[in-house]
Amino acid sequence: MSDSSAARGTSATSMLPRRVMGIETEYGLTCASTRGGNPPLDPEDAAQLLFEPVMQRSRSTNTFLENGARLYLDVGAHPEYATAECDSIYDLLANDRAGEAYFARLMETANKKLAKAGTPGVIHLFKNNVDAAGNSFGCHENYMLHRRADFRDRIARLVPFFVTRQIVTGAGLLFRGEDGHVRYEFSQRSHQMWDAISSASTRSRPMINTRDEPHGNSEEYRRMHVIVGDSNVAEPTTGLKVAITEALLVMLEEGAILPSLELADPMHAIRITASDLSGRANLELAAGGYSDPIAIQERFRDAVLNHYEKKGYTQALDPVRRYLFELWTRALEAVKAGAPEAISQEIDWAAKLMLLRRYVERSGIKMEDSRLARLDLAYHDIGPEGLRHRMEESGMLKRIVAPEDVNEALRRPPQTTRAKIRGEFVAKAHKARRDVAVDWSTLRLMESESNSTVVLDEPLQTESEVAARLMAELG
């Protein structure tokens, strides 16, 4: 599965439609005391220390990197990494993992500074979505779509899919009720959603954000901004989340009929779906009657498989997408059978549940015990004290991306999207020590004698004569 030459799936002969995709991840941050008691640094000070090397190089906490990605400090002292645009799921997984590696390096540097200064604290970064106080921070998926006037009506058909997707892609949550009782749920984001579709992102926190920021040719493209998903630790879960969503967008754009499963109350449905690990929560349909999360996911899966077979796409699937489609079915079967152990090497909520169950059985503690909460947090820790690396090395978690490809993604942008041009521009600017301004669709050379701004409004372009001339000015 880590054979990158076969797995990237970007062959020019592929029948599958191409689209750019990306993942934005906000990380949880804390500076834990090494002596017990209160943290020696509050989140704001810890974030500033973490970003010191970024500030020294870019004079900003919001910058684009040589690999085409965006790195910034978001509101609330949340370090955030937005991958470069990718048109292959393998590349997207490599770029998402590169973001973790980049922050792990920043964290290591910051902790060395703390140790040298004699500060009794260690900075930790967590790839999760809620903290102990109940604050939420997100993982956002982005998918390029061709612009249509009926955009909102069409994506509304996807709401039942996103409500129930958590049963195969959730990160798992120890949920503490008002009575203090703790239960395990599928998803960390399910209790943070307050609307199905909206242009707001913080006030109503919808599952799909419709704010119209295409980051490309606005007459040709829209960007579907999905904010309902959890941050995932296991690579197969991240890949599954994206692959099955992408497949439904292929159907949507080609005018295929999606299952008509409108829910009477999506916000109620997403919460009761999260709390019922059987996958059989009773979800009321707007047209009358009831369904359950497993049945809804099976309806969407069957629609995808039938459409792909009819269009001839099944034979064109690259190894990663083929594996993830198969995982979709296996994950649903595991939920249906009440057998999380069957997918515990691939699906986050199942991997973490089995980890917690083994600890409970060995120690005899209850779910409310704080030691269980610490183990939960360790699963999401991207630093040296986190569990993921050890679980991967021991075979407890499956990898898709080869480690050398993660290292490659740290320094080199994807070569099949406009990120290639952006990354090259940023690299040349850093080498020449020239001031530039960069965003997703523009490159600007400050204090240039010629036309200093280049617009890259085609997300799938990989060459630009205008950009090449601008880079030539960098020397």
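The values are calculated or read from the model by the stated rules, or taken from the named source; none is laboratory data. Computed from a prediction, not measured in an experiment: that's the story for all the values here. No Cβ is skipped: glycine too gets one built from the backbone with ideal geometry, and neighbour counts run over all protein chains shown. These accessible areas exclude ligands, DNA and RNA; they are computed on the full protein's heavy atoms, side chains included. Shrake-Rupley method; radii C 1.70, N 1.55, O 1.52, S 1.80 Å.
So, in the stretch 432-475, how many residues would count as being closer than 18 Å to Phe64 by Cα, open to solvent by 70 Å² or more (accessible area, probe 1.4 Å) and either part of a strand (DSSP E or B) or touching a residue at least 40 places away in the same chain (Cβ under 8 Å) (or both)? Result for the stretch 432-475: 3. The set of residues from the stretch 34-61 being of a type in the set (Asp, Glu), open to solvent by less than 80 Å² (accessible area, probe 1.4 Å) and not in a loop (DSSP other than H, G, I, E, B) comprises just one member, Glu52. Look at the stretch 1-33 and say how many of its residues are at pLDDT 90 or above, open to solvent by 20 Å² or more (accessible area, probe 1.4 Å) and hydroxyl-bearing (Ser, Thr, Tyr). Here the count works out to 2. What are the residues in the stretch 330-363 that are open to solvent by 50 Å² or more (accessible area, probe 1.4 Å) and either at pLDDT below 95 or basic (Lys, Arg) (or both), if any? Scanning the stretch 330-363 gives Arg330, Lys336, Arg357, Arg358, Arg362. One residue stands out among those in the stretch 194-213 that are under 17 Å from the mean Cα position of the chain (by Cα) and at pLDDT 90 or above: the one that is nearest to Asp230 (Cα to Cα), which is Met207. Being open to solvent by 20 Å² or more (accessible area, probe 1.4 Å) and either under 30 Å from Gly386 (Cα atoms) or hydrophobic (A, V, I, L, M, F, W, C) (or both) is a condition met by no residue of the stretch 211-218. Could you tell me whether the stretch 62-71 includes any residue that is of a type in the set (Ser, Thr, Tyr) and part of a loop (DSSP other than H, G, I, E, B)? No, the stretch 62-71 has no match at all. Within the stretch 296-319, the residues that satisfy the criterion of being of a type in the set (Gly, Ala, Ser) and either surrounded by fewer than 18 Cβ atoms within 10 Å (Cβ to Cβ) or in a loop (DSSP other than H, G, I, E, B) (or both) are Gly312, Ala316.
No other residue among Leu73, Leu125 is crowded, with 19+ Cβ neighbours inside 10 Å and free of Cβ contacts under 8 Å to residues at least 40 places away in the same chain apart from Leu73.
Among the residues of the stretch 409-427, those that are in contact (Cβ under 8 Å) with a residue 60 or more places away in the chain and outside any helix (DSSP H, G or I) comprise Arg412, Pro413, Pro414, Thr416, Thr417, Arg418. Screening Leu92 with (1) modelled with pLDDT of 95 or more; (2) of a type in the set (A, V, I, L, M, F, W, C); (3) open to solvent by 20 Å² or more (accessible area, probe 1.4 Å) gives one miss only, at (3).
If the condition is being touching a residue at least 40 places away in the same chain (Cβ under 8 Å) and either touching a Cys at 6+ places or on another chain (Cβ under 6 Å) or open to solvent by 10 Å² or more (accessible area, probe 1.4 Å) (or both), then the stretch 149-168 contributes Phe151, Arg152, Arg154, Ala156, Arg157, Val159, Gln166.
Quick grid of which residues meet (1) outside any loop (DSSP other than H, G, I, E, B); (2) among the hydroxyl-bearing types (Ser, Thr, Tyr); (3) buried (at least 21 other Cβ atoms within 10 Å of the Cβ):
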| site | (1), (2), (3) |
| --- | --- |
| Met207 | yes, no, yes |
| Asp230 | no, no, yes |
| Pro236 | yes, no, yes |
| Ala247 | yes, no, yes |
| Val250 | yes, no, no |
| Gly255 | no, no, no |
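Of all residues in the stretch 286-311, those being in contact (Cβ under 8 Å) with a residue 12 or more places away in the chain and closer than 14 Å to Met251 by Cβ number 9.
Residue count for the stretch 364-386, restricted to those that are open to solvent by less than 50 Å² (accessible area, probe 1.4 Å), within 26 Å of Asp276 (Cβ to Cβ) and assigned to a loop (DSSP other than H, G, I, E, B): 2.
In this structure, is Ala82 open to solvent by less than 10 Å² (accessible area, probe 1.4 Å), modelled with pLDDT of 95 or more, of a type in the set (A, V, I, L, M, F, W, C) and closer than 25 Å to Asn135 by Cβ? Criteria met by Ala82. Scanning the stretch 357-382 for residues that are charged (D, E, K, R) and closer than 20 Å to Cys31 by Cβ yields Arg374, Asp376, Asp381.
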